[in-house]
Amino acid sequence: MKLGRNDACWCGSGKKYKNCHADFDERIQDYKRQGHIVPDHSIIKNKAQIEAIRESAKINVAVLDYVAENIREGMTTEEINQLVDSKTRELGGIPAPLGYEGFPKSVCTSINEQVCHGIPSEHDVLKDGDIVNVDVSTIYNGYYSDSSRMFCIGNVSEEKMTLVRETKNAIEAGLKEVKPWGFLGDMGQAVNDYAKAHGYTVVEELGGHGVGIHFHEEPFVSHVTKRGEEMLMVPGMIFTIEPMINMGKRDIFIDEKNGWTIYTEDGKPSAQWEVMVLITEDGYEILSW
Ligand code: MF3
Ligand code: CO
């Protein structure tokens, strides 16, 4: 059944459709007719949802700030897990990873050649020269947020420091392409081009994702796609950009024993940052980083 122009808008704003998302839907349909992948209504957030997700993201940022203040050489990744778990709960949130598809801890901690989904352990001690990704995800009042940062422990080699810095810069390059009525492929190509120009490779099998109402929503956000391809970006979409960038080859494998942790095939280091963005009327807003 088609929504009448005087009916209440599907977004839940309470406004009439014609005064709310009618023109927006027309514009999306034009792209669809041209053969582009377009977002479904279910992943477009309204004002109230955006406000709620923004509050969740504030906690996510505060938890990462707390990790940044406390992370140090000699600490185990289980201690990071405890920092994240206690800070998240103190702020009224729930750590989203805990129990997610059976994940056993409240945060992912991935060291050196671990690409992502490292499981905190009392046996893994942060040592001088390590680079570690801490990936924090929060549920607050039922709304999800997700972002991650890299931390350098003690004296890190120039080579690894550069990987960490340029991985962040690759996201900045991608963000230049993030705007309404552009395509996710514009961003993906920018990230990949930037990484390649610095002699690195980008992991293809894993990527970012829509987020907010659920932990992982449509679309899958690849960092190796081509300009003009992939989903159309429209105001109200919220997704992560989280490239995993390898110093060596792009190939990866999964730890068969725990079923989670991803490693580089060649054993060389990998870095990842994760930013959570909202597409606005005229660009984007970073919700969590
Ligand atoms: N935080 C990860 C992401 O960026 C998801 C990890 S799933 C978990 O999407 F179960 F390991 F937490
Ligand atoms: Co994510």
When the Cα centres of segment 17-90 and segment 95-128 are compared, how far apart do they sit, in Å? 21 Å
For segment 42-288, what are the per-bin percents of Cα-Cα distances with bins 5 Å wide, up to the bin holding the maximum? 1, 7, 14, 19, 20, 18, 13, 6, 2, 0
Count the net charge of all other residues whose Cβ sits under 13 Å from the Cβ of residue 121, scoring Lys and Arg as +1 and Asp and Glu as -1. -3
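Are there any trypsin sites (Lys or Arg not before Pro) in segment 60-104 that are in a DSSP loop and have at most 14 other Cβ atoms within 10 Å? List them by number.
Details: sites: 72, 87, 89; in loops: 72.
Loop-located and lightly packed - 72.
Give me the number: length gained by fully extending residue 90 to residue 281, i.e. 0.36 nm times residue separation minus the C-alpha to C-alpha distance, one decimal in nm. Mind showing how you got there, number by number?
Values: separation 191, 0.36 × 191 = 68.76 nm, distance 3.44 nm.
Once the chain is fully extended between residue 90 and residue 281, it gains 65.3 nm.
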Taking the dipole about the Cα centre of segment 177-289, with the C-beta of Lys and Arg at +1 and of Asp and Glu at -1, give me whichever of 289, 191, 214 is farthest to the positive side. 191
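Extension gain residue 48-residue 220, at 0.36 nm per residue separation less the Cα-Cα distance, in nm?
Details: separation 172, 0.36 × 172 = 61.92 nm, distance 2.41 nm.
Here the answer is 59.5 nm.
Dipole of segment 42-288, Cα-centred, from +1 at each Lys and Arg C-beta and -1 at each Asp and Glu C-beta, to the nearest 20 debye?
Details: 22 positive and 40 negative charges, 85 e Å.
Here segment 42-288 has a charge dipole of around 400 debye.
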Loop GluC sites (Glu not before Pro), segment 98-173 (other Cβ atoms within 10 Å of the site Cβ: 16 or fewer; DSSP): 122
Out of 46, 70, 19 - ranked by how far each Cα lies towards the positive end of the dipole of segment 5-146, with unit charges on the beta-carbon of charged residues - the top one is 19
Using Cα pairs under 8 angstrom and six or more residues apart, how large is the relative contact order of the chain, in percent? 19 percent
Would you please give the FRET efficiency between residue 155 and residue 69, computed as 1/(1 + (r/R0)^6) with r the Cβ-Cβ distance and R0 = 22 Å, to the nearest 0.05? 0.65
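Values in this text are rule-based calculations from the coordinates and carry no lab data. All values reported here derive from a predicted model rather than from experimental measurement. Here Cβ is always computed from backbone atoms with ideal geometry, including for glycine, and neighbour counts include all displayed protein chains.
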